[in-house]
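Below is one structure, written out as structure tokens; comments come after it.
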Amino acid sequence: MLRSYNKLQKNKNRVFVKTNSPEHLCDMLGIRPTRSRLILLYEIMSRKTPFNSEDIVVATSGGSAGRATVFRNILLFKEIGILREVDIRQDSIFYEYNVDNHHHHIVCTECGHIEDFDVCDADLLIKDAIKQSKYFQLITDHSFEMFGICKVCQNRIGV
Ligand SMILES: [Zn+2]
Ligand SMILES: [Zn+2]
Ligand SMILES: [Zn+2]
């Protein structure tokens, strides 16, 4: 158990091979493909935008996984790197499937609608940050979320 956990820890921060199969993913990570995990992974992999644990509970209710199981498995998935956290300034923690598709988000501050934004121009910024930094010469990751008002809300509230 400990050995496989250490192996999983090494996977953390690693970009996963893209797969559409929850079974294949469990196999690659060396975790047991229980029925509730497969249901959860299927749901997570089909999500196009970040979600919180509650969304997944609602979406999979009627499945075999109870609320506590969903929350526990989501923490496990985060721990082993299947999920990454996305900070969209909500009360709850949002996650998304951690595959090799580096991107950023635009979040509507009125209705919470989230859109992926695929362009990343961070190289220059990172170079400047390193140049200015007293304590760092190695940047390994970054996140960047934009906040605005979506077109629907803009029309509704008339700004
Ligand atoms: Zn909106
Ligand atoms: Zn995203
Ligand atoms: Zn980026």
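Every read-out reported here was derived from the displayed coordinates using simple, explicitly stated rules and does not represent laboratory data. Remember, it's a predicted structure, so these values are computed and weren't measured experimentally. Backbone-built Cβ (ideal geometry, glycine too); neighbour counts: all protein chains shown.
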Q. Taking the Cα centre of the chain as origin and charging only Cβ (+1 Lys, Arg; -1 Asp, Glu), how large is the dipole, in debye to the nearest 20?
A. 680 debye
Q: Considering only F136, F51, F77, give the residue with the highest GNM mean-square fluctuation for the chain, with springs between Cα atoms whenever their separation is below 10 Å.
A: F136
Q | P(r) weight above 24 Å for the chain, C-alpha pairs, percent | A | 45 percent
Q: Springs between alpha-carbon atoms under 10 Å, Gaussian network over the chain: tell me which of N101, N52, N73 tops the mean-square fluctuations.
A: N101
Q | Unit charges at the beta carbon, dipole of the chain: most positive-side option, V86, T49, S36 | A | S36
Q.
Compute, for segment 85-137, the length of the dipole vector about the Cα centre, with Cβ point charges of +1 (Lys, Arg) and -1 (Asp, Glu) only. Units Debye, rounded to 20.
A. 440 debye
